[in-house]
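Structure record follows, encoded as structure tokens.
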Amino acid sequence: MFISNTLLPALLATLTALASMAPARATPGEVPVGQPLREARLQGLNGPPRALSAYRGKPLIINVWASWCGPCRQEMASLERLAWREDLGPFAVIGISTDDERDKALAFLKQSNASFNHYLDRQLEMEHMLGATRLPLTVLVDARGKVLHKIYGARAWDEAEALALIRRSFGTGMR
């Protein structure tokens, strides 16, 4: 079969576009949108360990990141500002580092002045449960622990578009 030099670039562009539209493969044990998260023991990175269920009772924003991930580093300041907002009602923001080396994750937290609770995901438990096939991943969870949204890629979490998504997602109790 012969493909001309003019047809080949168009064919490659079409195949690339189709591949990017394909749904991401689920990670082992991934909790899909609409389902509740399972219990997990979170290993404290900048604080004590905690059970994931300790966050039940108010909405939760979970950000999965790594110190080597440029977009993760880029959005951390906006997550920090979001965590301290009081005009959205009660909610919590936590970070899950996928770093293999605790020291690198801690160095990044220190450099970025991130003060909300961060945890280290040592055995890929949270990565797999949340479906972190790409980083950063931010997961919006309701007060009962049900996954509402999974957002891949960096965002400015304290700007109008993201705040509107958070308000819509968490509904009542958000001012």
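Do we find a residue being in contact (Cβ under 8 Å) with a residue 60 or more places away in the chain and either under 16 Å from residue 81 (Cβ atoms) or under 11 Å from the mean Cα position of the chain (by Cα) (or both) anywhere in segment 96-112?
There is at least one residue in segment 96-112 that is in contact (Cβ under 8 Å) with a residue 60 or more places away in the chain and either under 16 Å from residue 81 (Cβ atoms) or under 11 Å from the mean Cα position of the chain (by Cα) (or both).
For the subset of segment 64-86 comprising residues that are under 18 Å from residue 143 (Cβ atoms) and not small (Gly, Ala, Ser), which member is modelled with the lowest pLDDT?
Result: 86.
Looking at segment 140-158, can you tell me whether even one residue there is basic (Lys, Arg), open to solvent by less than 60 Å² (accessible area, probe 1.4 Å) and closer than 21 Å to residue 34 by Cα?
yes
Report, by residue number, each residue of segment 78-93 that is touching a residue at least 40 places away in the same chain (Cβ under 8 Å) and over 13 Å from residue 167 (Cα atoms).
78, 79, 81, listed by residue number.
What single numbered condition from (1) of a type outside the set (Phe, Trp, Tyr); (2) under 21 Å from residue 151 (Cβ atoms); (3) buried (at least 16 other Cβ atoms within 10 Å of the Cβ); (4) modelled with pLDDT of 95 or more fails to hold for residue 89?
Only one criterion is unmet by residue 89, namely (4).
Among the residues of segment 50-77, count how many are touching a residue at least 40 places away in the same chain (Cβ under 8 Å) and assigned to a loop (DSSP other than H, G, I, E, B).
Within segment 50-77, residues that are touching a residue at least 40 places away in the same chain (Cβ under 8 Å) and assigned to a loop (DSSP other than H, G, I, E, B) number 7.
The values are calculated or read from the model by the stated rules, or taken from the named source; none is laboratory data. All values derive from a computational prediction rather than experimental measurement. So basically every Cβ, Gly included, is an ideal-geometry build from the backbone, and we count neighbours across all protein chains shown. Only protein heavy atoms, including side chains, enter the accessible area calculation; ligands, DNA and RNA are left aside. Shrake-Rupley method; radii C 1.70, N 1.55, O 1.52, S 1.80 Å.
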